[in-house]
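All remarks here apply to the structure that follows.
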Amino acid sequence: MAEIKVPELAESITEGTIAQWVKKVGDRVEKGEFIVELETDKVNAEIISEEAGVLTQILAPEGDTVLVGQVIAVVEAGEGAAPAPAAPVQEAAPAAPAAPVAAAPVAPAPIVEESTDRVIASPAARKLAREKGIDLAAISPVDPQGRVRVQDVSAHGTAPVAQAAVAAVSANGPMVFTPAGDSDRVTVEKMSRRRQTIAKRLLEVKQSTAMLTTFNEIDMTNIMALRKRKQEQFVKDNDIKLGFMSFFTKAVVAALKKYPYVNAQISGDEIHLNKFFDIGVAVSTEEGLVVPVVRDANSKNFAEIERNIGELAGKARDKKLGLNDMAGGSFTITNGGVFGSLMSTPIMNGTQAGILGMHSIVNRPVAINGEVQIRPMMYVALSYDHRIIDGKDSVGFLKTVKEMIENPEDLLLNS
C-alpha cells in the first residue's frame, strides 16, 4: 500500500486546493503517473503516484483545501476491477405489528456527480461549474479542441441561488443588503486561491511601501521603422518575431545599470542592491496575472529574450509554470497596452522597488522642431518605492528608457 501525500512544493507554500482528480477509485495507476492536480497560490502542481497499483481511496475530493504532507489518496497493489455487485437482501418474514413510532427524517437528495470523465476542462472551469451546479458534459466549448474554459461555463448559465435575499435597514446606518435568489441579477463566485493571494499581496504592497508613480511618453516612430526593416530577416534567422518586449527589456536593463537603486529591495533596515537582472514579465491568464521571469536578461540577445518570453507566456496560459519560473525577479514590466490601456499606475511586484507600465501606441499630434506632426506615441509609467528611490532617480530611469526606445541603435551599444 502506498499513500499519496501533498508534496513540499516551496518554502512559502503550505497548503493547496484539490483542483481535479484525473483518476477515480478503482482505476489502475502506473508509477510516476499523474493522478491529481493541486492548485496553489502560485502554480498548479501535478501530483504523481510513487507506486503502481489500484487507486483504492480518495481522501480529499475536488475543492478541498489540503496541507503539505497530508494523505489525500491510497494506492494498493492490484490490477483494478469493477466493484462487485452488492449481495441480494433476503426478505424478512413479516413481524408482529409494533407500536407506532415517529416518522424517520427524510434522507437528503443525492448529490448528482458531474459527468467529467471525458470532458477536458481547466481547473478554474471545473470549480466554477461545481459552484453553479452545471454538468460540464452539457457545455458546448468555443475551443476547437473541446477544452471547456471559464467563459464557456459562464455563458452556459447559472444554477438558482438557494439562499433567499435578506435586506435590513438600520435607523442609524446604511441599508445592509445580501443579494440572492435571482440568478439573473446576481451571480456569487468564490474567489480562487490564486485570486485571493493576488489580492492579499497587492494590498500588502500598497500598505507597506511608499509607492509613487511618474510618467513619460515615448515616440515609437524609430523603433517601429526598425522592426519593419528587420522583421523578415529576424524571423528567417531566429524563427520568431521581433516584438517590442525585447526592446523594452533591453532598455530597462540599461536604465537599471545606470540607476541601481531601482534594481534593489528593502530587507528590514537594509537596502539590497541586486547585481543581477532578472526581469519579470506580467502575463494575463484565466486565473489572474502571473509574472514569470526572464533570467539574466543583460546577457541575452533580442532573439533569446523574445523566445524566452514566448515560452514563459505559453507555459503560463497552459498552467505549466513552475515555481522556479516566477521566483526571484528584480524588476517587472507589465504591458496594459495589449488590452487597450492608455495610462495606468501599476502596483509593484512583491518586494521589488519598481515596475514599468507600457501602454497603447496612439497616433497623436506632437511638436517636432517647431512643427506639429502626427507620431505614434506611448505613455509609460514607473511605479517605485519612494523609501529608497528619490524623484531624481525615478525620473532619470524613465527618461533613460525613453531615450533608448526612441534611439534603438543605442540599445545595441548597451547590449
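Determine whether segment 15-24 contains at least one residue that is touching a strand residue (DSSP E or B) at 6+ places or on another chain (Cβ under 6 Å), touching a residue at least 12 places away in the same chain (Cβ under 8 Å), polar (S, T, N, Q) and not assigned by TED's automatic domain parsing to the domain that holds Leu312. Yes; the residues of segment 15-24 include at least one that is touching a strand residue (DSSP E or B) at 6+ places or on another chain (Cβ under 6 Å), touching a residue at least 12 places away in the same chain (Cβ under 8 Å), polar (S, T, N, Q) and not assigned by TED's automatic domain parsing to the domain that holds Leu312.
The condition (being in contact (Cβ under 8 Å) with a residue 24 or more places away in the chain, under 18 Å from Lys258 (Cβ atoms), in a loop (DSSP other than H, G, I, E, B) and touching a strand residue (DSSP E or B) at 6+ places or on another chain (Cβ under 6 Å)) is satisfied by just one residue among Ile388, Ile405: Ile388. When Val366 is tested against (1) farther than 22 Å from Val380 by Cβ; (2) surrounded by fewer than 20 Cβ atoms within 10 Å (Cβ to Cβ), just one condition goes unmet, and that condition is (1).
Ile218 meets all of the listed conditions (1) assigned by TED's automatic domain parsing to the domain that holds Val395; (2) at pLDDT below 95; (3) closer than 27 Å to Gly340 by Cβ but one, namely (2). Looking across segment 266-305 at every residue that is among the acidic types (Asp, Glu) and touching a residue at least 12 places away in the same chain (Cβ under 8 Å), the one that is farthest from Leu128 (Cα to Cα) is identified as Asp296. Within segment 349-368, being of a type outside the set (A, V, I, L, M), in contact with a Leu (Cβ under 7 Å, 6 or more places away or on another chain) and in a strand (DSSP E or B) holds for one residue alone: Gly354.
Here the condition is being outside any helix (DSSP H, G or I) and either at pLDDT below 95 or not acidic (Asp, Glu) (or both); of Leu398, Leu411, Leu382, it holds for Leu382 alone. Look at (1) surrounded by fewer than 21 Cβ atoms within 10 Å (Cβ to Cβ); (2) in contact with a helix residue (DSSP H, G or I) (Cβ under 7 Å, 6 or more places away or on another chain) and you find that Val291 fails only one, number (1).
Listed here are the residues, each with its yes/no results for (1) of a type outside the set (A, V, I, L, M, F, W, C); (2) surrounded by 15 or more Cβ atoms within 10 Å (Cβ to Cβ); (3) touching a Gly at 6+ places or on another chain (Cβ under 7 Å).
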site: Lys23; (1), (2), (3): yes, yes, no
site: Ile35; (1), (2), (3): no, yes, no
site: Glu39; (1), (2), (3): yes, yes, yes
site: Ile47; (1), (2), (3): no, yes, no
site: Glu51; (1), (2), (3): yes, yes, no
site: Ile58; (1), (2), (3): no, yes, no
site: Asp64; (1), (2), (3): yes, no, no
site: Val68; (1), (2), (3): no, yes, no
site: Ala73; (1), (2), (3): no, yes, no
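The values are calculated or read from the model by the stated rules, or taken from the named source; none is laboratory data. These numbers were taken from a predicted model, which means no experiment stands behind them. Counting neighbours? That spans all protein chains shown, and the Cβs are built from the backbone with ideal geometry, glycine included.
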